[in-house]
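No lab work stands behind these numbers, since they all come straight from the coordinates. Quick caveat: nothing in here was measured; it's all calculated off a predicted structure. Note: ideal-geometry Cβ built from the backbone for every residue, glycine included; neighbour counts use all protein chains shown.
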Amino acid sequence: MKSITIKGSKRESVGKVSTKALRNAEKVPCVLYGGDKVLHFSADELSFKNLVYTPNVYTAMIELENGDSFKAILQDIQFHPVSDKILHIDFYQLHDDQEVTLEIPVRLIGTAPGVVAGGIVRFPYRKLRVKALPANLPDFINADISKMEIGDKLYVTELGNDAFSIMHPDNTVVVQVRISRALILDEEEDEEGEEGEEGAEGAEGTDAPAEGAPAAE
């Protein structure tokens with residue numbers, strides 16, 4: 001998995017006054033969990049642009065001024081309810097020999113024949129929870145839909161990989177190709193048209209007198 005470097009400074013004081021001062025200086029107070037002890041640090045708000053405002057998932061390499069560095073994942077983030085500025089970020093330290101659970105984006109591969117035929121793709125799971133060692137965390141989970149016809153479903157069990165485990169029930173449908181409403185309406189109109197034609201054929205000659213009946217003068 002790709003990594004983004006965050007350069008920060010260790011925080012000596014974690015009170016409200018120092019936290020407010022950091023935010024006024026456009027820095028974000030952060031906490032790193034998962035190590036020998038909890039680490040408080042801060043970094044420029046702009047440092048998190050490519051880590052937070054993206055649909056992709058990255059690990060973070062946290063580099064402090066004193067030379068310490070830690071590999072981590074973003075665990076939690078708080079935004080200001082009005083300005084949407086980042087108020088606080090929690091990180092969790094990664095260890096090479098310890099598995100971690102992370103939500104990984106799903107990427108569709110190919111074009112489904114069912115879509116070409118007029119169907120639509122239902123894609124409810126755009127991210128899946130994955131458990132793996134840090135070195136085995138994928139950037140994406142590829143979902144091949146190139147053979148899917150209308151009515152076909154792609155289950156989570158078909159996306160498995162020996163390098164990681166997908167933490168969802170086996171019956172989870174990741175992608176489905178469904179018949180579109182427009183196609184249903186077209187089929188209904190075709191059926192109505194055929195019924196109308198049959199009715200018209202049956203109505204032909206209805207003005208002719210029945211056999212043995214006197215013809216109208």
Give me the residue from the stretch 131-179 that is basic (Lys, Arg) and within 23 Å of THR111 (Cβ to Cβ) and, out of that set, surrounded by the most Cβ atoms within 10 Å (Cβ to Cβ).
ARG178
Elements of type strands (runs of 3 or more DSSP E) contained in the stretch 33-104, each with 2 or more residues being out of contact with any Cys (no Cβ under 8 Å at 6 or more places or on another chain) and exposed (fewer than 15 other Cβ atoms within 10 Å of the Cβ):
69-79
Members of the stretch 151-184 found to be touching a Gly at 6+ places or on another chain (Cβ under 9 Å), in a loop (DSSP other than H, G, I, E, B) and of a type in the set (S, T, N, Q), listed by number:
SER180
Kindly provide the set of residues from the stretch 112-130 that are loosely packed, with under 14 Cβ neighbours inside 10 Å, of a type outside the set (Gly, Ala, Ser) and over 25 Å from THR59 (Cα atoms), ordered by number.
VAL116, ARG122
Of all residues in the stretch 127-150 being aliphatic (A, V, I, L, M), out of contact with any Ser or Thr (no Cβ under 9 Å at 6 or more places or on another chain) and outside any loop (DSSP other than H, G, I, E, B), which is nearest to VAL116 (Cα to Cα)?
ALA143
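ILE109: hydrophobic (A, V, I, L, M, F, W, C) and surrounded by 16 or more Cβ atoms within 10 Å (Cβ to Cβ), yes or no?
Details: hydrophobic (A, V, I, L, M, F, W, C): yes; surrounded by 16 or more Cβ atoms within 10 Å (Cβ to Cβ): no.
No; evaluated as a whole, the condition is false for this residue.
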